[in-house]
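A quick write-up on the structure given underneath.
The values are calculated or read from the model by the stated rules, or taken from the named source; none is laboratory data. No experiment lies behind these values; they were computed from the predicted model shown. All Cβ positions, glycine included, derive from the backbone under ideal geometry; neighbour counts span all protein chains shown. Each accessible area value is taken on the protein alone, full model and side chains, heavy atoms only, with ligands, DNA and RNA left out. Shrake-Rupley method; radii C 1.70, N 1.55, O 1.52, S 1.80 Å.
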Amino acid sequence: MILLLLILILLVGGLFAWLSGLVNAALPRIVALLALFADAALLLYVYMNLPMPADGSFALDFCIPWITRYGISLHFALDGLSLAMLALTVMLGIVAVLASWKDSIKNPGFFHLNILSALAGIAGVFLSMDLFLFYFFWELMIIPVFFIIGIWGSENRTYAANKFFIFTQAGGLLMFVSILALYFIHGDITGIYTFNYIQLLGTEIPLHLSFMLMLGFLAGFFVKLPVIPFHSWLPDAYSEAPVAGSIILAGILSKTAAYGLLRFVVPLFPQASVAFGPFGMMLAVVSILYGAKLAFAQTDLKRLIAFSSISHMGFILLGVYAFNTMAFQGVLMQMIAHGISIAALFVIASQLQARLGTRDIDKMGGLRNRLPWLGSMGLVFALASLGMPGMGNFIAEFLILGGAFKTSILMSCLASLGLIAATLYSLRIVQKIFLGKEENTAVALQRVTLREKTITGALTIMIIFIGLYPRIILKTGKAALNKSLESVNLNSQNEFTTFFYGNIYNVKPAATNQEQPTESVVPESQKITTN
């Protein structure tokens, strides 16, 4: 019942926030904050009292029939992976509400209804173990974000909101087609028509058909991640959204796609995923390098941060298609660390814009002396973004590149160039905004308030804490990540992988019936260890 409460508290809290706005404009933000703290208390209770099973099974499982005629159930479950992602969701939800606390928001009740509805949809994605239910929450989180951008966004908000909606809906519909196809194929094979994730695992599907179904899921996930060339909606949505919307979009919403790759794509289509692996790693490298190039070329601070997100999310894609525990743990760390650091950067960008009236970094400069707190925080999170040791981002990228190196030396080396590129655009932020010649000296700048210091200070503590003590995240998610890897076998020979494994992964395919080796053709150092 706890799992259902985690979602219901957000939905009911959003409704009360909307209604309270009719009484007093200040009440919705208080109601929203109380709902999020209630969810945080529930998650803390789960973490302290329910250890994650070592075999990767679920610590909590809630399932009741819903639409029995079509095999649809209200099935929620929680393991270490979903617990970590829910913690990130609630934490950044609190940051989003606090960051927009003093903003002049028209219809604040409806605004906070959309904030909590989006977070409820994201929480549902992380908990759903029924594919129909998963798709329901996948769509639920899109609609309130569309309103947040379209109603409370900046000058080009209508264009950005429509573009976001079209891209995400197109990808989501292709994923839904694959879900329905998997439902009918499983029914034809077993005689049981169900959307239950556990029952769908291990369905024997011909490789070519499995590959096509997987592509439908990837369409939905690659748009949300996003992956080059499905990224063009992102800079407009991130930059035009209000600060709360930017935090939810970049810090949490994009992580639902990474979660989907780990939870659904790899376990449901293991051999098709292996077949796609070389292409996935190449797309990851392109996203890392091209995203960094685009970030360096920006003068709009929020667009610069948005393009940097494409680069950093490319590391997640690289880790997923490395197919080993080290890389998967790096993916989880990257989701958490990137969520924290990019939320902080958007908060800092919002605070600067509120004081200067611009996001153009060419019109900033020398702010370190006039806004020392923001200068210090800007430096901290610029260093986090470039992967400074002692920060969570460093641990994440080290694990991903180390895991990718075991799979493909070439792809790992090319991706490591992204660390150099991150240094260029991250330090450019510090140089152009906080150092150099002072600009806008005639403008009187408001001092940083205690609330603003609390937000950025808390995020600083978090990013350093997980950098110095990553075990709290790695231990929580390890069993669940290993569970996702159980069905993956890099030695499987098929028409999609024979060429690529001999040239990119440098792994020879398994022998055919005409040639039986006396020992394994795959070196022990390249085998996947899931224990």
Expressed in angstrom and rounded, the centroid-to-centroid distance over alpha carbons for region 375-422 and region 84-135 is 28
So which lysines can residue 224 reach, going by Cα to Cα under 16 Å and dropping same-chain residues fewer than 8 places off?
163, 255
Debye log10 I(q)/I(0) for region 245-291, one point scatterer per Cα, at q = 0.18, 0.21, 0.31, 0.32 Å⁻¹:
-0.70, -0.85, -1.01, -1.02
Residue by residue through region 124-141, what is 3J(HN,Hα) from phi via Karplus (6.51 cos²θ - 1.76 cosθ + 1.60, θ = phi - 60°)? Round to whole Hz and write x for glycine and proline.
x, 4, 6, 10, 5, 10, 10, 5, 5, 5, 4, 5, 4, 6, 4, 7, 4, 6
For the pair residue 448/residue 424, report the inter-label distance in nm, with labels modelled 7 Å from Cα in the Cβ direction.
2.9
So for R0 = 51 Å, FRET eff. of residue 68-residue 461 from the Cβ-Cβ r, to 0.05, ends up at 0.60
Mind checking the full-extension length gain between residue 409 and residue 435? Use 0.36 nm per residue of separation minus the Cα-Cα distance, one decimal, nm.
5.5 nm
Nearest 10 degrees, 0 to 90: helix 27-49 Cα axis against the chain principal axis
40
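For region 265-337, state the semi-axes of the equivalent ellipsoid (square roots of 5 times the eigenvalues of the alpha-carbon gyration tensor), sorted largest first and rounded to whole angstrom.
Values: eigenvalues 139, 35, 14 Å².
The answer is 26, 13, 8 Å, longest axis first.
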Mind checking the angle between helix 450-468 and the chain's longest principal axis? C-alpha axes, 0 to 90 degrees, to the nearest 10.
30
Quick one: if you take sqrt(5λ) for each eigenvalue of the C-alpha gyration tensor of region 140-226, what semi-axes come out, biggest first, whole angstrom?
34, 13, 8
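Assuming R0 = 22 Å, can you tell me the calculated FRET efficiency for the pair residue 170 and residue 203, based on Cβ-Cβ distance, to the nearest 0.05? Let's see the in-between values first.
Details: r = 26 Å, r/R0 = 1.19.
So the FRET efficiency works out to roughly 0.25.
Express the relative contact order of region 1-54 as a whole percentage, based on alpha carbon pairs under 8 Å and six or more residues apart in sequence.
Values: 26 pairs, mean separation 19.0, N = 54.
That works out to 35 percent.
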Candidate values (i) 23, 57, 19, 2, 0; (ii) 22, 51, 20, 7, 1; (iii) 21, 48, 25, 6, label of the one derived for P(r) over Cα pairs in 20 Å bins from 0, in percent:
(i)
Whole-Hz Karplus ³J(HN,Hα) for region 58-64, in order, using 6.51 cos²θ - 1.76 cosθ + 1.60 and θ = phi - 60°, x for Gly and Pro?
7, 6, 9, 9, 10, 8, 9
Helix 301-320 sits off the longest principal axis of the Cα atoms of the chain, rounded to the nearest 10 on a 0 to 90 degree scale, by 20
Taking R0 as 22 Å, what FRET efficiency do you get between residue 55 and residue 189 from their Cβ-Cβ distance, rounded to the nearest 0.05?
0.25
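Relative contact order of the chain: what whole-number percent is it, with Cα pairs under 8 angstrom and at least 6 residues apart? It would help to have the intermediate numbers written out before the result.
Values: 915 pairs, mean separation 78.4, N = 531.
Once normalised by length, the contact order is 15 percent.
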Set of lysines near residue 363 by C-alpha distance (under 28 Å), chain-local residues within fewer than 8 positions excluded:
102, 293, 302, 432, 437, 453
Reported to the nearest 10 Å², residue 18 has, with a 1.4 Å probe, an accessible area equal to 110
